[in-house]
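The values are calculated or read from the model by the stated rules, or taken from the named source; none is laboratory data. This one's a predicted model, so the numbers in the text were calculated from it and none came from an experiment. Glycine also receives a Cβ, built like all others from the backbone with ideal geometry; neighbour counts cover every protein chain displayed. The area values use the complete protein model at the heavy-atom level, side chains included, leaving out ligands, DNA and RNA. Shrake-Rupley method; radii C 1.70, N 1.55, O 1.52, S 1.80 Å.
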Amino acid sequence: MKNYYRRQNSSKFIRKNSLTAVLIGCLAIIVGLAVTFGVILPNRANGQALKADNSTTSGVNSNDSSKLNGNPRAATASYADVVEQTSPAVVTIRSDIKTKTGGQDMSPFLNDPMFREFFGGKIPQMKPQPRTEHALGSGVIVGADGTILTNNHVVDGAEKIQVELLNRKTYDAKVIGTDPLSDLAVLKIDATGLPTLPLGDSDKVRVGDVVLAIGNPLGLRQTVTSGIISAKGRATGISDGSFEDFLQTDAPINHGNSGGALVDVDGELIGINSQILSPSGGSIGIGFAIPSNMAKSVMNQLLKNGKVERGMLGVGIQNLNSDLAQSFGVKDVNGVLINSVKAGSPADKAGIKQGDVITAIGDAKVSDTNELRNRVAGTAPGTEIGLTVSRNGSEQNINVKLTEFNPEKTAANDNGENNPGNSNDSPASGKLGVSIQPLTPQIANQLGLKNVSQGMVVTDVQTGGKAEDAGLQQGDVILQINRQNVNNLNDVKTALAKSGEKPALLLINRQNQTIYITV
């Protein structure tokens, strides 16, 4: 009986616990279904619980519950809706570029003595043969009438251009206009009713925004990658021109993506993919896109006038660092230092001087050279702009009427190996760590200098010295030290004495460009 009683109690205990387990299981199922079907949805943005309604909670069609701090560019589980909406407007561009090859460089056998015996010791004259190179890129349809935006380098020099749509239809394209300085081109195909991508406002894009890169990398046909905006206002210095204001992204971009679309999660075009930085030629997550606002301005001018007009100030500029800011009496490194003023330019006529620091255009602050250059270039020639200039530590306002920028192509001076002689060199200065001598007409000619007749030329830079650390190079001509002209060793000593324990401010001419450095 004792044992039976224990068995009976044990059965009751088991039955009670089984019933409890079933109840707990049912409760868990009910809660799971409630969460699945949206009866209770946690809002992670504000910590509140929201009741289910008829709003869509996936993709870019989400209502306020999908926003992050009021930003519609919230993270989402899928971008399929955005891709479906935007991808038909991204095209493949194939360009045929003819080049000529031939002559003595056609074959290595032409210099082989045994081969030449067949022709009596003479090298046969072989006519250059045309060869067609095929380039692959991407483009974006921005007009239902067949207007397409792409990179200039995708179609540069092309004799034949074909555009393939997402549905595999192919059209011959003609070039409406190109702008190598911004690396943009506008094409046109004979088609109507095409899907288009709306141009967004790239100025409103923020670092951290989610973006999608759509294009045709490595001939794989259309591909979509995702990432974020990593930085704004980038300049790489590797494009055909100097007007760069790139959006940097970690969305993978590869060869063939050039000219393709960078879109936000609202389905708007915010950039034209243009460049990558890579030691191997493949994507390492550092890609660059031309902002849509710049692309829109260039496109509209090409469509209207066939060319792009840019404003010009007529100055040489460089960024500030802490030592330069201190030398010119500027509170911080935000601003642009004027290292040269072109005679007769708008800046010269307005009274801007070498050594001035531009801190603002109108009411907008200027932080670096790229920002100043693009703002001036984006202003129509003939426009009067107001500049805030810091001169000798005090600010003043100067109005300048811009003229039109005309790019000048100058051949590189073939003097890379022609260094001035070392006769009559001064000993390496303990302050600068260089050997210098007065500039003569012969040395100036040897260095290919124009309109430079006085100064002290650097003939040697002490290894590991302060001058080397500051970037001073052999062949540089020191024009000023601490804003005092230097034409001989006495001038140098006197000017250096003004530095005390502070870095010396040097104005130098390097290959006909003037820049400030501190040593």
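Of the listed peptides 283-294, 306-317, what is their order by residue-averaged count of other C-beta atoms within 10 Å, with the highest listed first?
283-294, 306-317
Given the options PRO381, VAL333, ASN305, identify the residue whose Cα lies farthest towards the positive end of the charge dipole of the range 286-387 (+1 on Cβ of Lys, Arg; -1 on Cβ of Asp, Glu).
ASN305
Using unit Cβ charges (K, R positive; D, E negative) and no other charged atoms, how large, in debye to the nearest 20, is the dipole of the range 289-404 about its Cα centre?
The dipole magnitude comes to about 360 debye.
Per residue, how much accessible area does the range 339-401 have with a 1.4 Å probe, in Å²?
Roughly 48 Å² per residue, with all protein chains present.
Can you send over the carbon and sulfur percentage of the accessible area for the range 191-347, probe radius 1.4 Å, protein chains only?
Here carbon and sulfur together make up 49 percent of the probe-accessible area.
For the range 179-310, with every protein chain kept in place, what is the accessible area per residue (1.4 Å probe, Å²)?
39
Expressed as a rounded percentage, what relative contact order does the range 296-417 have, with Cα pairs under 8 Å and six or more residues apart?
27
Which residue, VAL519, ASN485, SER499, has the largest displacement toward the positive end of the dipole of the range 449-519 when charges sit on each Cβ (Lys, Arg +1; Asp, Glu -1)?
ASN485
Please state the relative contact order of the range 440-519 as a whole percent: Cα pairs under 8 Å, 6+ residues apart?
The value is 27 percent.
Return the subset of LYS188/LYS296; LYS331/LYS365; LYS160/LYS188; LYS204/LYS296; LYS342/LYS493; LYS98/LYS307 for which the Cα-Cα distance in this structure is over 20 Å, preserving the input order.
LYS342/LYS493; LYS98/LYS307
Please report the net charge: other residues with Cβ closer than 13 Å to the Cβ of GLN484, K and R +1, D and E -1.
Charge balance in the 13 Å sphere: +2.
In nm, what is the difference between 0.36 nm times the number of residues separating THR132 and THR383 and their Cα-Cα distance?
Gain on stretching THR132 to THR383: 85.8 nm.
Sequence gap at least 6, Cα distance under 8 Å: using those rules, report the relative contact order of the range 279-357 to the nearest whole percent.
24
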